[in-house]
Every structure is written in C-alpha cells, then in structure tokens.
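The values are calculated or read from the model by the stated rules, or taken from the named source; none is laboratory data. Quantities reported herein were computed from a predicted structural model and do not represent experimental measurements. Cβ placement follows ideal geometry from the backbone for every residue including glycine, while neighbour counts extend to all protein chains displayed.
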Amino acid sequence: MASEAHAESLALREQFDTAEQQKDASTLGMWIFLITEIMFFGGMFLAYTVYRSKYPYVFAVASSSLNVYIGAANTVVLLCSSLTMVLAVRAAALGKRSGIVLFLVLTLLLGGVFLGVKAYEWNEKFQEHHIPGPSFSFEGLAPDQQGYAQLFFSLYFAMTGLHALHMVVGVGILSTLIYQTRKGKFSAEYMTPVDISGLYWHFVDIIWIYLFPLLYLIDRHLGK
Amino acid sequence: MITAATQQREHYLNASYGIKSWLLTKDHKRIALLYLATVTLFFFLGGAFATAIRIELLTPEGDLVSSETYNKLFTMHGVAMVFFFLIPAIPATLGNFFLPMMIGARDLAFPRINLLSWYLLVIGGLLSLYAMLAGGVDTGWTFYPPYSTSYSNSWVIVTGLGVFISGFSSILTGLNFIVTVHRMRAPGMTWFRLPLFVWSHYATSVIQVLGTPVIAVTIVLLACERLFHMGIFDAARGGDPVLFQHLFWFYSHPAVYIMVLPAMGVVSELVSTFARKPVYGYAFVAFASVAIAVLGFLVWGHHLFVATQSVYAGMVFSFLSYFVAIPSAVKVFNWTATLYKGSISYATPMLYAFGFIGLFTIGGLTGLFVASLGMDVHVTDTYFVVAHFHYIMVGGTIMAYLGGLHYWWPKMTGRMYPEGWAKLSALVIFLGFNLTFFPQFVLGYLGMPRRYHVYPAEFQVLHVLSTAGASVLAVGYVIPMIYFIWSLRYGKTVGANPWGATGLEWRTSSPPPAHNFDETPVVTWGAYDYSTVMGEVEVG
C-alpha cells in the first residue's frame, strides 16, 4: 500500500494539484487529439465522397476488385484487438500487472496480423497494376475511365495507408506500455497512459470500421 | 523596497542558467521567450522579402528582379509571415506566457508538449527556410494546383513539409490551451471571471484544433499529387483543382481568426487597463470570440466566388460572411463603450490598442466589400484584397501584438521600456502603415492585379506612395527591436503591477517566480474589478 502511494506521488507532475486533476487533463487532451484526427482523416473522406458521387459506376467497378473476404477477416481481427485492449484497460484498473501485459501483447499481435494482411493486399494490388502511376491499368474499363479508376485507388492507398500509419504508431505505443508495465509503472491508482492509449487504439479501429464499407462494400454488385 | 528585492530574488529567468536550461525547459514562460525569438526572426525575414517587393514596385518596369524571382519573393513573404509569424505570434508568445498566469495556474497542462510544439515550429521553420535558400518556391502561399502540382519548378514539397510540421506545433498549442483552461483554473476562477484574453485564446485554440488538421491532410494530398500524379487535383484524370481550394480555405479562412482573435483578446486587456474600467458587456465580448470561431468555419467559400463555385453556393457564403461582421462589430462597439467615462491614459500599449480598433474597423468594413458577390468580382485578385487583409493582419494583429508586448514587457522582464521612444515608434508605425496600405485600396479598385511586378505607368504614383510608407513602417518596426533589447539592461525596474491592472498575472512579482505564484491564488472577484487594485499604480 505504502509503495503504491509512493508510485502515485512520483507520477504526479508538478503543475497539477491532485492525481484526479492530472488524469482528467490527460483524458481530455486525448479526446481533443482524437477530434483533430477526425478532421485529419476528414479531408480524405471528403475527397472520397466527392469523387464517389461524381463517378459512382467506375468506383463500384474498381471497388469490386478488392478482396472482400480478406477485408472482412481483417475487420474481425481489428475488432478482436479492441476487445483485448479493453481487457488490458480493465486489468490496469484492477491493478493486475500480468493481465495488462498479457492483453497488451495480444492486442499487439492482432495489430501485427492486421498490418501483415494489409501488406499482402497491397502487394496483390501491385501485381495487378492497380498502383496509381504510369503503369496503372484496370481491365474492363474504357480508356477515358482509367483515370477515374486510378482516383479510386489513389484514395484507397491514401486512406488505408494513413490508417496503417496510425496502426504502426499504435504498435509503438503498445510496446512502450508493455515495457512500462513490466517496469512496474502502473497501478490501480495510476493507469492513465493505458487508459488513454486504449482510446487511441479504439479510434484507429473506428476509422477502419468506416473505411471497410466505403472501400470494399458499397455497390460492389454493380462491378460484378 | 520592491526594486531592491528584485535584484536578489529568484525568478524564472535566474532560476537556472546555461543553454540546456533553456532548450530543455518545461517552463511556459521560458518557452514563450523561445517562441518570441523565433517569430521575431521570421518577422524580419518576411519583412525583408516585403522590402524587396516594395522596392521592385517603385517603377512600372520589372527592373530589379525577374518575374520568376518576384513570384518567389511574394510567396516566401506570405509563407514566412502567415505560418511562422502571424499564426504563432500572439498565442505562442503572449498566450503561452500569460494564459496560465491569468487563470492562476503553475504551468500549462502539458509542459513537455508545449516544448515539443516549439521544436516543431523550429523544425518546420528551418525546412521552409532551407527551401527558401536552396531556390525558393513560387506558387504563392496558397499553393494552388495545377501550378503547384504539375508546373512549378521550385521547392514546393519541402516548403509544404515545413508548413505541415509547423501545423502540428499550432495544433498542440491549441490542445494544450483548451485542456489548461478547462482543468487548471485556480480555485474560484470561474469561466465568467476569466479575463477576455483567455476567452479569445480559448476560441482561437478551438480553431487551431479543428482547422489545422485539414490543411495538414491537404498538404499531404498535394505532395502525393505532385510526386505520383494520382489525379486528386488534376482535371485531366477526373480530379478537381477546386477541391484543393475548398480544403485549403476550410483551414486558411479560419486561420485568419487564429491570427486576429488573440489580438482582440490583447486589446480587451489594454482597453480595460488604460481606461480603468471593466470591459463593457463582458459576456457579449466573450461569446463574440466563440461566435467568430464558429462562424469562421462557415465562410470559406467566399474565396471561391470566381472559381467555378455555383452562384447559389456563392450567395450562401456571401450571406454567412456578413454574419461574421456581427460579433466583430460587437467587440469594436464594446471597446469603444468601455472608453466612455473611463479614466483614460495614453500609455504606449493604449496607443496600439487605438491603432488596432481603427485599422481593424477599416479592414473589417472592406471585408464586407469583398464578401459581397458583385463587388468581389470587380476586386478579386487585386490590390484591394491585398490592402484589406493587410489591414486585418498588420493593422490588426501586429498592432495588438506590439501593444501586448509593451504592456506585458515589464512583467516578462521586470524592466520598463522607454516610454518616449515607444510612443514615437507607435506613431511612426501607424503613419507608415496607412501610407503603405491605403494607396493599395485605390490601386486595387482601379484594377492593379496582385502578384504582378510589371504594371501600367499610371499606377506608379500610388505604388511610390506605398513604398515610401513601407520604408517608414520598417523604421517603426526596428525602433522597438532596439529599445526592447536596450531595456533589458538599462530599463527602469518595476514592481508587480506598474499599470494598476487587474489580472492575476499582475498579482505576482515581476519577473514572476518559476512557479508563477508563491501560493495558489484564490479568486473571489470578477475580471476587471478595479476596486481590488486601488492605489497600486506606479506609472501612468
């Protein structure tokens, strides 16, 4: 008990009066950061919306070349990682260090699986010449529509790429948390970093929950 | 007594020494001074570009620089001034220093993030500076495609990267301020006891947090377009260059309010202090800041009146733009009403405040001209627009920034600037400013387009007037630079509250101790309650 109180006083930074004030500030800070992230992704979602409504048919055709089963499986992987993240936060709230480490490692592995699958999908697109650039070609579309299909894949790579970049940052955060937990930094009284990293991880998941239907599902029957 | 104590007393400047104690500091006051040095550097850099522009425009022929160099000059003037001076100027220096003190806090909520945001500004600034020295960029600060993506043979991506990185500096400052205002207020410091400086910085922070990420992603898309030709802004591939303009102005119009809202906060403090009266209609002024922040996000389309935007969209954007005039006018009227029956003293900061109110009013009213569809078609991309936004940014923001710098200088350094020189330079700046920019309204109305360095001979008289004004203005800016540095050593030392002002920052010693207050203040009075500081005036 005494050692925990000691850990708490060490974690309290000098600008704060109480641990509660510090936790509130960190949590609010993370929520505001996530709002900036929404605006950041928002620019790309806007571009997607504009061009989807401008070229609905070509986007449907281009979209149908994505493998929906792999995408769906990857969505499940990511949802599971959110579950393990929640369990890690729960373990932190209960002060169970071994639980934190276990669930953070699981989250890390699931995140790694997602990124691996994503890399496989991108590689497929490379081989199909669906990478925007001079060698871009999309079978079954008239020459004047090739550019529109390229727009779809530009947005596909930009959006999934930005999402994957956030996953990579998340993996870095999880690794740091695992290291810090093993060093004994967190307790039931001080677990804010685990808590707000959870918020970040869920946010990255939610972005994917929007990306998956937008890129893989909408009107794909039109393209078949 | 106080003067003698200042010599030995420990404060934030002498609490530790050495270059590391500055470069690794987490003290918001020291970080504010780091910002002050950085933005001053960029101000004089941007000013140097402006000087070259004005000298070139002395004659109708393009005789000093080539067209290509001229394009680079006005681009780099814009980039340096907008992204590395105007946006960080007031929030990151005066805001950083005084926002925590005004709410009775020991520091911002996240001191390490505060330091990080300074480093981000420096890294972004150095990248852009490198681009400028390596060959420059010639797209205009607006980076419009397709020129920026397909044709410009200059350092677009490196400059863009610099702007992108400095954007995160701005976001983190905004985030820090919002959390600080929510969570770090001293006991008894309720929302409606906050100085209006804090309200306007809060509103500014909301814009920084919501708007800046959009310019960030826009720059990412622009860079991808330039590197890979992916088509998002390229009409030949089904993309739309106007989409860039929408995304760009979704940030860059609110960015105008990032520049001017903090200035309004400064002016509220100055007007109240030097009229020795509470700001008239406190709540209206506070909510006017919030209203400007909200409305600012709904008017970006007035930059696209002639860019294929539909007439109906144009009408809506025009109508909404007029709405911004309401909270802006509320502020101007309330500052004026504050003066009524006030005990007015004409110290230097107040001169700047008067300058701000007059020039901002002209800038705001001409804003209505360009917000109306018919008038705007006539003056689009002319010097009228240039004059309009310089009245807001130079006549507004820089006036308030200098006013604030003079007002809080004794608090920041413990020493007073020389009042006579300061009054003289305020006057020189006011005259120089008007001589520079008023002729530009006329030039623009007569049809002089912006961004051209060769012009018909009949415009020469007005251009010569403008250049003459710019020379006067430059002198006005150099004088404070000299006497501020002089005052660090030779200025008269001051006590805690030389102006008899009401804010919490004046209730601690000058310069403040490292943790701002010897004990956390408990607030039992409203903002601008002069009965709490009776008889403390030393200078007036």
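Restricting the first member to segment A:24-43 and to residues that are in contact (Cβ under 8 Å) with a residue 24 or more places away in the chain, and the second to residues that are surrounded by fewer than 17 Cβ atoms within 10 Å (Cβ to Cβ) and outside any helix (DSSP H, G or I), no beta-carbon pair is closer than 6 Å while six or more apart or on different chains. Filtering B:Tyr251, B:Tyr202 for residues that are closer than 30 Å to B:Gly104 by Cβ and crowded, with 24+ Cβ neighbours inside 10 Å leaves a single hit, B:Tyr202.
Tell me, yes or no, whether segment B:290-298 has at least one residue that is in a loop (DSSP other than H, G, I, E, B) and more than 22 Å from B:Trp408 (Cα to Cα). Full working, then the answer.
Just the residues of segment B:290-298 that are in a loop (DSSP other than H, G, I, E, B), to begin with: B:297-298.
From what's left, more than 22 Å from B:Trp408 (Cα to Cα): B:297-298.
Looking through segment B:290-298, at least one residue is in a loop (DSSP other than H, G, I, E, B) and more than 22 Å from B:Trp408 (Cα to Cα).
If you take the residues of segment B:504-528 that are more than 12 Å from B:Phe98 (Cα to Cα) and aliphatic (A, V, I, L, M), which of them is surrounded by the most Cβ atoms within 10 Å (Cβ to Cβ)? Among residues in segment B:504-528 that are more than 12 Å from B:Phe98 (Cα to Cα) and aliphatic (A, V, I, L, M), the one surrounded by the most Cβ atoms within 10 Å (Cβ to Cβ) is B:Ala527.
Only one of B:Leu427, B:Leu431 is without any contact (Cβ under 8 Å) to a residue 60 or more places away in the chain, in contact with a Gly (Cβ under 9 Å, 6 or more places away or on another chain), aliphatic (A, V, I, L, M) and surrounded by fewer than 19 Cβ atoms within 10 Å (Cβ to Cβ). Can you tell me which?
Details: B:Leu427 fails: without any contact (Cβ under 8 Å) to a residue 60 or more places away in the chain.
Being without any contact (Cβ under 8 Å) to a residue 60 or more places away in the chain, in contact with a Gly (Cβ under 9 Å, 6 or more places away or on another chain), aliphatic (A, V, I, L, M) and surrounded by fewer than 19 Cβ atoms within 10 Å (Cβ to Cβ) holds for just one of B:Leu427, B:Leu431, which is B:Leu431.
All conditions but one from (1) surrounded by 22 or more Cβ atoms within 10 Å (Cβ to Cβ); (2) over 30 Å from B:Gly404 (Cα atoms); (3) of a type in the set (Asp, Glu) apply to B:Glu269; the one that does not is (2). Applying the criterion of being surrounded by 23 or more Cβ atoms within 10 Å (Cβ to Cβ) and of a type in the set (A, V, I, L, M) to the residues of segment A:127-158, the residue that is farthest from the other protein chains (Cβ to nearest Cβ) is A:Ala149.
Residues that are part of a loop (DSSP other than H, G, I, E, B) and under 22 Å from A:Gly161 (Cα atoms) within segment A:12-70 comprise A:Ser64, A:Ser65, A:Leu66, A:Asn67, listed in sequence order. A single member of B:Phe250, B:Phe233 is aromatic (Phe, Trp, Tyr) and either free of Cβ contacts under 8 Å to residues at least 12 places away in the same chain or within 14 Å of B:Ser150 (Cβ to Cβ) (or both), and it is B:Phe233.
Taking the conditions exactly as written (assigned to a helix (DSSP H, G or I), touching a helix residue (DSSP H, G or I) at 6+ places or on another chain (Cβ under 7 Å), at pLDDT below 95 and more than 11 Å from chain B (Cβ to nearest Cβ)), does A:Glu4 satisfy them or not?
Working: assigned to a helix (DSSP H, G or I): yes; touching a helix residue (DSSP H, G or I) at 6+ places or on another chain (Cβ under 7 Å): no; at pLDDT below 95: yes; more than 11 Å from chain B (Cβ to nearest Cβ): yes.
No: the conditions fail for A:Glu4.
Does at least one position in segment B:304-319 carry a residue that is under 21 Å from the mean Cα position of the chain (by Cα) and surrounded by fewer than 18 Cβ atoms within 10 Å (Cβ to Cβ)? Spell out the reasoning first.
If we filter segment B:304-319 for residues that are under 21 Å from the mean Cα position of the chain (by Cα), which is where we start, we get none.
Scanning segment B:304-319, I find no residue that is under 21 Å from the mean Cα position of the chain (by Cα) and surrounded by fewer than 18 Cβ atoms within 10 Å (Cβ to Cβ), so the answer is no.
With respect to A:Ala164, is the statement that it is among the hydrophobic types (A, V, I, L, M, F, W, C) and touching a Lys or Arg at 6+ places or on another chain (Cβ under 6 Å) true? In short, yes. If you go through segment A:39-62 and pick out every residue that is within 8 Å of chain B (Cβ to nearest Cβ) and under 18 Å from the mean Cα position of the chain (by Cα), you end up with 6. Scanning segment A:174-206 for residues that are among the aliphatic types (A, V, I, L, M), in a helix (DSSP H, G or I) and either modelled with pLDDT under 95 or buried (at least 20 other Cβ atoms within 10 Å of the Cβ) (or both) yields A:Leu174, A:Leu177, A:Val194, A:Ile196, A:Val204.
Take B:Tyr352 and decide whether it is touching a Leu at 6+ places or on another chain (Cβ under 6 Å) and among the hydroxyl-bearing types (Ser, Thr, Tyr).
Details: touching a Leu at 6+ places or on another chain (Cβ under 6 Å): yes; among the hydroxyl-bearing types (Ser, Thr, Tyr): yes.
Yes; evaluated as a whole, the condition is true for this residue.
In the set (1) within 14 Å of chain A (Cβ to nearest Cβ); (2) under 22 Å from B:Ala371 (Cβ atoms); (3) in contact with a Gly (Cβ under 9 Å, 6 or more places away or on another chain), B:Phe248 fails one condition alone, (3).
Check B:Ala50, B:Ala92, B:Ala105, B:Ala80 and return the single one that is in contact with a Ser or Thr (Cβ under 8 Å, 6 or more places away or on another chain), of a type in the set (A, V, I, L, M) and within 18 Å of B:Leu133 (Cβ to Cβ).
On the way: B:Ala50 fails: in contact with a Ser or Thr (Cβ under 8 Å, 6 or more places away or on another chain); B:Ala92 fails: within 18 Å of B:Leu133 (Cβ to Cβ); B:Ala105 fails: within 18 Å of B:Leu133 (Cβ to Cβ).
B:Ala80 is the lone residue from the list that is in contact with a Ser or Thr (Cβ under 8 Å, 6 or more places away or on another chain), of a type in the set (A, V, I, L, M) and within 18 Å of B:Leu133 (Cβ to Cβ).
Does any residue of segment B:58-65 turn out to be in a helix (DSSP H, G or I), at pLDDT 95 or above and polar (S, T, N, Q)? No: segment B:58-65 contains no residue that is in a helix (DSSP H, G or I), at pLDDT 95 or above and polar (S, T, N, Q). B:Pro111 falls short on exactly one of the conditions (1) touching a helix residue (DSSP H, G or I) at 6+ places or on another chain (Cβ under 9 Å); (2) of a type outside the set (Asp, Glu); (3) farther than 21 Å from B:Phe168 by Cβ, and that condition is (3). Whether any residue in segment B:292-299 is closer than 30 Å to B:Trp499 by Cβ and in contact (Cβ under 8 Å) with a residue 40 or more places away in the chain is what I want to check. Yes: segment B:292-299 contains one or more residues that are closer than 30 Å to B:Trp499 by Cβ and in contact (Cβ under 8 Å) with a residue 40 or more places away in the chain.
What about A:Thr107, is it crowded, with 19+ Cβ neighbours inside 10 Å and within 17 Å of A:Arg182 (Cα to Cα)?
On the way: crowded, with 19+ Cβ neighbours inside 10 Å: yes; within 17 Å of A:Arg182 (Cα to Cα): yes.
Criteria met by A:Thr107.
Scanning segment B:452-492 for residues that are of a type in the set (Val, Ile, Thr) and either surrounded by 17 or more Cβ atoms within 10 Å (Cβ to Cβ) or in a helix (DSSP H, G or I) (or both) returns B:Val461, B:Val464, B:Thr467, B:Val472, B:Val475, B:Val478, B:Ile479, B:Ile482, B:Ile485. Across segment B:472-500, the number of residues qualifying as among the polar types (S, T, N, Q) and touching an Asp or Glu at 6+ places or on another chain (Cβ under 9 Å) comes to 1. Scanning segment A:15-38 for residues that are over 20 Å from the mean Cα position of the chain (by Cα) and more than 7 Å from chain B (Cβ to nearest Cβ) yields A:Phe16, A:Asp17, A:Thr18, A:Ala19, A:Glu20, A:Gln22, A:Lys23, A:Ser26.
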